[in-house]
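Below: one structure, written as structure tokens.
Nothing in this text is a laboratory measurement; each read-out follows from the coordinates by a stated rule. Keep in mind that what you see is a predicted model, and the values were worked out from it rather than measured. For neighbour counting, all protein chains shown are included, and Cβ atoms are generated from backbone atoms with ideal geometry for every residue, glycine included.
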Amino acid sequence: MSSPLLRPLSIGTVRLKNNLALAPMAGITNAAFRILAASGGAGLVVTEMVSADSIKYGNKKSAKMLELFPGEHPAAIQLFGADPSSMALAAQAAERAGADIVDVNAGCPVRKVLRSGAGSGLMKTPQLLADIISRMVKSVKIPVTVKFRIGLSAGENIGPLLARVCEEAGAAAITLHGRPASQFHTGPVDLEAMALTAAAVKIPVFGNGGVNGAEEARAILAAGCAGVAIGRAAVFNPAVFSEISSALSGGSPDPAAPAARIKLFLKFLELNAGIYGEEHGLARARKLVGYWLKGLPGAAGARAAFMKLKTLKEAEELLIQYTE
Ligand SMILES: Cc1cc2nc3c(=O)[nH]c(=O)nc-3n(C[C@H](O)[C@H](O)[C@H](O)COP(=O)(O)O)c2cc1C
């Protein structure tokens with residue numbers, strides 16, 4: 001598997017089989033999706049962001065989001081919050097839940113999160129971010145990592161400064177989204193900002209943003225990042241990690257890839273049914289089916305039919321045509 005760019009990587013004491021991670025995505029990276037990404041070749045998977053305050057106040061839905069399953073490790077639980085003591089408590093809960101790593105969300109641009117000073121709000125308050133990280137580091141044995149952006153608005157690169165602050169506070173790795181918070185998830189990613197940030201610290205920096213395949217992954221690694229975190233491309237295709245691994249190791253594209261993708265989707269439906277029940281699990285998969293069928297013959301009709309399915313057997317009957 002090893003190539004100069006693709007390689008195993010350690011985050012603190014946690015050894016990853018490769019340097020390709022699944023980026024955290026609210027509403028997407030639930031347990032079923034994480035297991036899928038792990039079997040699709042991700043070296044690390046990350047949960048949806050979980051509110052530290054909700055964990056502190058015993059919210060059942062948030063507590064359920066901490067549940068990890070065999071088959072997804074190594075896995076990081078991502079927390080958001082702006083209060084160091086709540087974040088430290090929630091980090092302990094994440095450690096008890098079996099997380100291999102606990103990650104701080106310092107990049108979310110959503111107003112509801114920003115209002116409390118959390119998410120990318122923490123980029124405006126580096127001292128608070130450092131306090132949060134060091135409290136968490138003192139409270140758990142597992143590595144503490146952090147995800148932030150290159151800046152708050154276009155043209156800004158505070159990545160190197162924030163990276164040094166986080167490293168000094170005890171963070172074991174960084175994921176850097178190469179777009180400013182003002183751009184949410186669209187627009188170009190700034191490779192130079194990634195390179196400068198990676199060069200500013202000794203801990204591994206995962207570059208993130210706009211990776212659809214091997215070409216973009218290669219560019220991020222060549223810019224000096226130790227790893228790559230992939231978000232939306234994995235939603236379209238959870239096997240993107242093994243496809244990139246193979247390409248970076250000199251392999252050629254697999255002609256059976258579309259069929260393998262649908263087989264993974266069937267596996268995802270099964271996992272979802274196990275976790276949420278058959279009907280609810282299928283309902284939760286509705287937002288993904290359009291991505292997964294994209295480009296396949298009769299995709300629009302199959303997608304419409306999928307919306308009405310109630311059982312796994314019906315799903316299998318509908319999708320089996322694409323697995324051969
Ligand atoms: C639907 C969605 C939900 C997201 N939720 C989170 C989240 O919970 N925590 C986080 O740090 N980033 C979140 N992100 C940002 C992604 O982790 C990632 O930084 C972003 O999508 C850019 O990577 P990509 O271009 O590979 O998708 C989310 C992105 C999307 C599209």
Contour excess over end-to-end distance, with Cα ends at Ile320 and Ala260 and 0.36 nm allotted per residue
20.5 nm
With just the Cα atoms defining each centre, how far is region 190-244 from region 84-118? Give it in Å.
23
Which of Asp83, Asp254, Asp100 fluctuates most in a GNM of the chain (C-alpha springs under 10 Å)? That residue is Asp254
Helix 257-276 versus the longest principal axis of the chain: what angle, 0 to 90°, nearest 10, using Cα atoms?
70
Given Ala304, Phe236, Leu319, which one lies farthest toward the positive end of the charge dipole of region 176-324, if we put +1 on the Cβ of every Lys and Arg and -1 on the Cβ of every Asp and Glu?
Ala304
Which Cα, out of Gly170, Ser139, Gly151, lies furthest along the positive dipole direction of region 137-183 (beta carbon charges, K/R +1, D/E -1)?
Ser139
Of all DSSP beta bridges in the chain, antiparallel share, percent nearest 5:
10
Can you give the relative contact order of the chain as a percent, counting alpha carbon pairs under 8 Å and 6+ residues apart?
14
Distant-in-sequence amide H partners of Ala173 (H built 1.01 Å from N, under 5 Å):
Val146
May I ask for the net charge around Val14, where only other residues with Cβ less than 13 Å from the Cβ of Val14 are counted and Lys, Arg are +1 while Asp, Glu are -1?
0
For Lys124, give me every one of the lysines with a C-alpha distance below 17 angstrom, ignoring sequence neighbours fewer than eight places off in its own chain.
Lys112, Lys147
Cα to Cα, under 19 Å, and not fewer than 8 places away if on the same chain: which lysines meet these conditions relative to Lys294?
Lys263, Lys267, Lys308
Using alpha carbon positions and the Kirkwood radius, the Rg to Rh ratio of region 248-324 is 1.02
Just tell me the longest site-free run in the chain, where the sites are trypsin sites (Lys or Arg not before Pro) in a DSSP loop having at most 11 other beta-carbon atoms within 10 Å.
1-114
Run the numbers for Ser182 and Arg15: contour at 0.36 nm per residue of separation, minus the present Cα-Cα distance, in nm.
56.7 nm
Excluding Gln78 itself, what net charge comes from residues whose Cβ is under 9 Å from its Cβ, given Lys and Arg +1 and Asp and Glu -1?
-1
Using the 2.2 N^0.38 Å rule of thumb for compact globular proteins, work out how the chain stacks up: its C-alpha Rg over that value, please.
0.97
Listed residues Ser153, Ser252, Ser120; largest mean-square fluctuation, Gaussian network over the chain with Cα springs below 10 Å, found at Ser252
Can you compute the charge dipole magnitude of the chain about its Cα centre, using +1 on each Lys and Arg Cβ and -1 on each Asp and Glu Cβ, nothing else charged? Give it in debye, rounded to the nearest 20.
580
Full extension from Glu270 to Lys138: what is 0.36 nm times the residue separation minus their Cα-Cα distance, to one decimal in nm?
43.6 nm
Unit charges on C-beta of K, R, D, E only; dipole of region 1-144, Debye
140
Most positive-pole-ward Cα, Gly41, Leu293, Gln92, against dipole of the chain from beta carbon charges
Gln92
With θ set to phi - 60° and the Karplus curve 6.51 cos²θ - 1.76 cosθ + 1.60, what are the ³J(HN,Hα) couplings of region 83-96 in order, to the nearest whole Hz, using x for Gly and Pro?
10, x, 6, 5, 5, 5, 4, 5, 4, 5, 5, 5, 5, 4
On C-alpha positions alone, give me the angle between the axis of helix 126-139 and the longest principal axis of the chain, in degrees, nearest 10.
80
